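These notes are about the structure you will find just below.
The values are calculated or read from the model by the stated rules, or taken from the named source; none is laboratory data. Everything numeric here is computed off the predicted structure, so don't read it as measured data. No Cβ is skipped: glycine too gets one built from the backbone with ideal geometry, and neighbour counts run over all protein chains shown.
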Amino acid sequence: MALPGWMLYLIHTLFPADTRRPTELGADVLIIATGAILFYILIIKGRWRHVWTEWITTVDHKKIAVLYLIGAIAMLFRAGVDALMLRTQLALPHQHLLSALEYDQLFTTHGTIMIFFMAMPFIFALFNAVIPLQIGSRDVAFPRLNAMSFWLFAFGALLLNMSFVVGGSPSAGWTAYPPLSENVFLPGVGQNYYLMSLLIAGIGTTMTGINFVVTILRMRAPGMTLMKLPLFAWSALMTSALIIFAFPPLTVALSMTLIDRLFQSSFFTLGHGGMPMMYVNLFWLFGHPEVYIVVLPAFGIFSEVVATFSSKRLFGYEVMVASLVSIMFLAYGTWVHHFFTMGAGPAVNAFFGLSTMLIAIPTGVKIFNWIFTMWGGRIRMTVAMLYQMAFIPTFVIGGATGIILATVPVDYQFHNTYFLVAHFHNVLIGGTLFGLLSGMYYWWPKMFGMKLDEHQGKWAFWLFFLGFWVTFFPQYLLGLEGMQRRMNTYPFGLGWHLLNVISTIGAFGMGAAFIVLVYNVVWSLRYGERDLTGDAWDGRTLEWAISSPAPEYNFARIPVITDRDPWWAMKESGATLANSLSPADIHAIEMPKNTPVPFLLGASFFLFGFGMVFSWWYVAVLGLLCVIATLIYSGFNYEEHALLTADVIRGTEASLGRLQA
Amino acid sequence: MAEPRTAPEQSAREEGLEFLEPRVHGEGFPMAQVFGYGGSLLLTFGSFFLVTRHLMPPVILLAVILTLAIGQAALQLGVFMHIRESRGPAWQLMPLGLAFFIALGMIGMSIWIMMFKAGVS
Ligand code: HEM
Ligand SMILES: [Cu+2]
């Protein structure tokens, strides 16, 4: 049977050989099955209306937080499966379960997804869930922009994940250095997917950064001076400051590569006077601040968790703030340590080696302050606190190996070996992931109104913690023995065999931890202990003063802040929000209305991105026109607020038992 | 986009929340913004044109597009970045100062790095 030419073209372009391997076909089956289930739930059981009005069109920061969290956990699964496939391949020498190309594709999507589509949305989930409540605000400064950020992230993530089954995955690593990432070497659409998805998600991330800077600077409750701001909010402010100035260099680097690939310019090509090393400079100009973007929120989370579970005021608040601010500045001045071997010269390398080591000072100060907070406190070993306890030694070792790598002559030996791989997983898992999981267990009651089961949570914790060390400690040794990163297999007889087996066992331990974690979440959603007080952990900051989950308007009356731990102070003086609210205090509140604009904007960008990936210009232009149309519609839509009357609010507060009779 | 706020009939001032009150100034057509947008596009395409047509020797070309770039930055700051507005403390100036500080550092250090002064090291 002869197919018409255009169909052959479509099949050839959309499903090239590397999307027809067994793993991809397996994924196809999974996707179709998930699609069928969604179709059943949404269409046949008619839940689409609920999903549309309550979730897709929402501008409520608390619901956006939930959406981000779902996205982050799904991406953790996807990138985790990638990692397990990589480790399976490396378990034994001279193995060929995966082809070299497939191996490259898997580590590329693993890294890209973990950083951009797991860590970032997880962070934004917690920012959205907590920051407005912590600073006594009714929402973020720009609720609609916030929803736009989410949908840009979601459609960016969709674009990148789609590459696996449609068109072919990128394969130049999460750093995507040219000249490898240029057309000459990788002519398929994979790199275009990488570039477009990060550009689209990057717009959303930048908008989130701006949103939270404005929210924290301008929306604090009266009395909450900057020196009364909770540390998690401080860390969000510094993270946002890093986002705003670090993402532009990435955007520039990615756009220039895209123009090289799609329009045959030669910014980074080998020939025609291109300068691939400029990409490396631009990428790390973003890349180093990025690693602090993902770790500062963890610092903030731990500062909240450690104070609550030690039942003590945080030790050295001012110093903590000062070190956050100085880390923010220093993070902008260390990027060369990722390419010492490029050979910019001894003066440059020495300068950036020193500046890198300088960051260890404020970081060390913070570690000491967390320990001093625990000192003499009444410590409760909850799951959130366990992650905090595990974080301290793990992160110290990650920082110490970072210092080793920052020593230029040493880095010439270790650069791009498994020693480096172990270092950054040490700080990313031990710092970022442990921090985010700690925050998730800590704020879960506030987000969902019930606790995550502690017993199951401890199982997940120990599997994660031990699995982490079993996976990555051997990798330090492998690095010392000369094993390079990103090799798809290795020969017998180099002494790497046993260490690789151990590492793979540890990786499966973390895989088991993920399964327990998901079980923990699902079980607790159904049977978990309800939190009726709103103050599940005997907390200190403002978010614990309101009910769990928070009502739509957060605070019926905006509180006036007099103390750094306002809720603790209120509890001490016996004047809780619960009994201080009289019906006369409650007034009508104007709330932003739901809108389909953010979702449509994301979908339009998706169409645009898809067209660009395949160089189908009509599709791309159509997508761009949709973007513009959505923005114009949004700009002329003046009815963006609805009034929540005082009676409705009184009703809600009374049903929560928070109104004086 | 406005933030959620207390109803207008309630005196926000009593709660110290006056900064949340919307400020509606009876504006006409946003001439300045349209002009700023058009001007920015013009400057961008101007430098693009100059570069692709190789109209001048490289050093002069670089100087000219740098001038255009600075002009564009100034235009956007003036038109879009609310430099001249304020109610109470001018909060917007602090991030702007930070932006200048960090951008100058990034540019200066990048030039230093990319000069490859030492040849081989
Ligand atoms: C005291 C703190 C730290 C120091 C001194 C440090 C130092 C370094 C150095 C010198 C390198 C480059 C090594 C090479 O490529 O040969 C490096 C790589 C890396 N670091 Fe760190 N680091 C620190 C903390 C962190 C933190 C907190 C994170 C993230 C949460 C992080 C994430 C990474 C990543 C992702 C890479 C490698 C990226 C890649 O090449 O793909 N580091 N670090
Ligand atoms: Cu770095």
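The figures follow:
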{"read-out": "Single residue of segment A:259-296 satisfying the filter (assigned to a helix (DSSP H, G or I) and farther than 30 Å from A:I327 by Cβ) that is farthest from ligand 1 (Cβ to nearest atom)", "value": "A:F263"}
{"read-out": "Segment A:323-348 - residue that is aromatic (F, W, Y), in a helix (DSSP H, G or I) and in contact with a helix residue (DSSP H, G or I) (Cβ under 6 Å, 6 or more places away or on another chain) and, of those, nearest to the other protein chains (Cβ to nearest Cβ)", "value": "A:Y332"}
{"read-out": "Test for A:M256: is it more than 30 Å from A:A620 (Cα to Cα) and in a helix (DSSP H, G or I)", "value": "no"}
{"read-out": "Failed condition for A:V305, given (1) buried (at least 21 other Cβ atoms within 10 Å of the Cβ); (2) within 16 Å of ligand 1 (Cβ to nearest atom)", "value": "(2)"}
{"read-out": "Flag if A:I379 is assigned by TED's automatic domain parsing to the domain that holds A:M483 and part of a helix (DSSP H, G or I)", "value": "no"}
{"read-out": "Residue check for A:P559: in a helix (DSSP H, G or I) and within 14 Å of chain B (Cβ to nearest Cβ)", "value": "no"}
{"read-out": "Total residues in segment A:364-392, condition among the β-branched types (V, I, T) and touching a residue at least 60 places away in the same chain (Cβ under 8 Å)", "value": "4"}
{"read-out": "Residues that are within 24 Å of the chain's Cα centre (by Cα), farther than 25 Å from A:L601 by Cβ and not in a loop (DSSP other than H, G, I, E, B), drawn from segment A:207-238", "value": "A:L217, A:L231, A:F232, A:A233, A:W234, A:S235, A:L237, A:M238"}
{"read-out": "Search result, residues across segment A:454-487 that are surrounded by 19 or more Cβ atoms within 10 Å (Cβ to Cβ) and not in a helix (DSSP H, G or I)", "value": "A:M483"}
{"read-out": "Residues of segment B:49-62 that turn out to be surrounded by 12 or more Cβ atoms within 10 Å (Cβ to Cβ) and assigned to a helix (DSSP H, G or I), as a count", "value": "4"}
{"read-out": "Condition broken by A:L42, with the remaining ones in (1) buried (at least 18 other Cβ atoms within 10 Å of the Cβ); (2) of a type in the set (A, V, I, L, M); (3) modelled with pLDDT under 95 satisfied", "value": "(1)"}
{"read-out": "Positions within segment A:443-453 being hydrophobic (A, V, I, L, M, F, W, C) and assigned to a loop (DSSP other than H, G, I, E, B), in sequence order", "value": "A:L452"}
{"read-out": "Qualifying residues in segment A:223-277 (those that are of a type in the set (S, T, N, Q) and surrounded by 23 or more Cβ atoms within 10 Å (Cβ to Cβ)) - the one nearest to A:L198 (Cα to Cα)", "value": "A:T257"}
{"read-out": "Residue check, A:P187 buried (at least 24 other Cβ atoms within 10 Å of the Cβ) and not in a helix (DSSP H, G or I)", "value": "no"}
{"read-out": "Within segment A:588-638, tally of residues that are in a loop (DSSP other than H, G, I, E, B) and within 22 Å of A:I56 (Cα to Cα)", "value": "7"}
{"read-out": "Restricting segment A:269-320 to residues that are among the aromatic types (F, W, Y) and under 19 Å from the mean Cα position of the chain (by Cα), the residue that is farthest from ligand 2 (Cβ to nearest atom)", "value": "A:F302"}
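The rows are residues; the columns are (1) within 15 Å of ligand 1 (Cβ to nearest atom); (2) surrounded by fewer than 22 Cβ atoms within 10 Å (Cβ to Cβ).
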| site | (1), (2) |
| --- | --- |
| A:N349 | yes, no |
| A:L354 | yes, yes |
| A:A360 | yes, yes |
| A:N369 | no, yes |
| A:I392 | yes, yes |
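For (1) away from chain B (no Cβ under 14 Å); (2) surrounded by 20 or more Cβ atoms within 10 Å (Cβ to Cβ); (3) among the hydrophobic types (A, V, I, L, M, F, W, C), each residue gets a yes or a no:
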residue: A:D563; (1), (2), (3): yes, no, no
residue: A:P592; (1), (2), (3): no, yes, no
residue: A:V613; (1), (2), (3): yes, yes, yes
residue: A:S634; (1), (2), (3): no, no, no
residue: A:L643; (1), (2), (3): no, no, yes
